[in-house]
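Notes follow the structure.
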Amino acid sequence: MNVRSSQMFLNFDGNDIFSFKGLEVQTHPDQTLDQRHLFPFLSTRHNRVWVFTCLCLSVEFPYQYNFSNSFDKFISIQKWLKSLHISPSQTPALQCLPPDLVFKIRQFSFIFLDDVFEIKLRDNYELMKDKSKESSKRLQLLDKKVADPWKQHRELLPARKIEELYTSLERKHIEIYIQRSRRLYSNTPMRKSLLTWTVSDLELVALADQSLHGLERVRKKLRDIDGVGPFPRDGLPLVVQWCREIKFNLTAFLDAAARPAMGTCNRPQEHATTQVLLRFQIQYILVHYSMGALLGRSLDPDWPGG
């Protein structure tokens, strides 16, 4: 199977939260990934593979948007479909091994948007600070111009002339401020994000294996991770099980809370960006308990620490 889409959006409550550009999905019936050799303890050598390739993936959360409500509804629907189509007598061990997943994303952006009013208020404050500095410089030049005749020729300008000069300068300050305020976003777009995390050349591989598949094996992995925490007395029923070996490479750029400073050229100064190169190869397990537990945590009131 090969599916392509030039552009795709996932909309939640009227907001395009997930935006995909250049998305392609490929499936391979039986293939051995090179990454399996990095985990010698895996018992499965061949498996189905789903490859997701995307040129640009953007996750953008509007200001004060509660995404967790929509995500909880999605999880509830997933559990309802599993309970509807999967028989309780059909144990996970008898089910088909899920496919390996490969994600290749050229550029991934994770964005929290800021309040538009706060952005404009901050930009206007920076503009007023710059106006104050520039006005002070012009006032000093005018003071020098008024004082020069006295220093050079021992003559004073007429009082009415001096008053007209200072009044004209004040009007000029106001006109310049209004013009710059109107042109504030004409050359440089308004900054919208409060926090932006950009990842380049992301490659993530999630490998399924028989040694990680099935309820008892998942429970064993949980005990390997947390051998101290007690399990519920009545056992640990897992509606959703997701246990994988994960390897990923990425180059991360973090741009946190950019604060523009308006200069005389009416452009925000470039903010510093922290670049961190990350390369990880880890063993990862994620198990979702029936009502939303994570990594073995339970909502059972009889389970200590639940």
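Worth pointing out:
- Subset of segment 180-215 (residues that are among the small types (Gly, Ala, Ser), within 26 Å of ASP34 (Cβ to Cβ) and in a helix (DSSP H, G or I)): SER211
- Picking from residues in segment 161-184 that are aliphatic (A, V, I, L, M) and surrounded by 11 or more Cβ atoms within 10 Å (Cβ to Cβ), the one that is nearest to LYS120 (Cα to Cα) is LEU184.
- The set of residues from segment 141-160 being exposed (fewer than 11 other Cβ atoms within 10 Å of the Cβ) and either of a type in the set (Lys, Arg) or not assigned by TED's automatic domain parsing to the domain that holds MET128 (or both) comprises LYS144, LYS151, ARG154, ARG160.
- Subset tally (residues that are in a helix (DSSP H, G or I) and modelled with pLDDT under 80) for segment 216-245: 0
- Meets criteria (surrounded by 13 or more Cβ atoms within 10 Å (Cβ to Cβ), more than 30 Å from ASP34 (Cβ to Cβ) and not acidic (Asp, Glu)) for PHE112: yes
- Residue in segment 152-160 that is at pLDDT 85 or above, more than 30 Å from LEU84 (Cα to Cα) and assigned to a helix (DSSP H, G or I) present: yes
- Scanning segment 4-21 for residues that are without any contact (Cβ under 8 Å) to a residue 40 or more places away in the chain and either of a type outside the set (A, V, I, L, M, F, W, C) or not assigned by TED's automatic domain parsing to the domain that holds ASN69 (or both) returns ARG4, SER5, SER6, GLN7, ASN11, GLY14, LYS21.
- Condition check for LYS120: exposed (fewer than 13 other Cβ atoms within 10 Å of the Cβ) and not in a strand (DSSP E or B): no
- Verdict on SER43 being surrounded by fewer than 16 Cβ atoms within 10 Å (Cβ to Cβ) and within 30 Å of ASN69 (Cα to Cα): no
- Residue match in segment 60-73 (condition: closer than 24 Å to PHE248 by Cα and modelled with pLDDT of 90 or more): yes
- ARG138 being surrounded by 12 or more Cβ atoms within 10 Å (Cβ to Cβ), closer than 30 Å to TYR185 by Cα and without any contact (Cβ under 8 Å) to a residue 40 or more places away in the chain: yes
The values are calculated or read from the model by the stated rules, or taken from the named source; none is laboratory data. In this text the structure is predicted, and so the values were computed from the model without any measurement. Cβ atoms come from the backbone with ideal geometry, glycine included; neighbour counts cover every protein chain shown.
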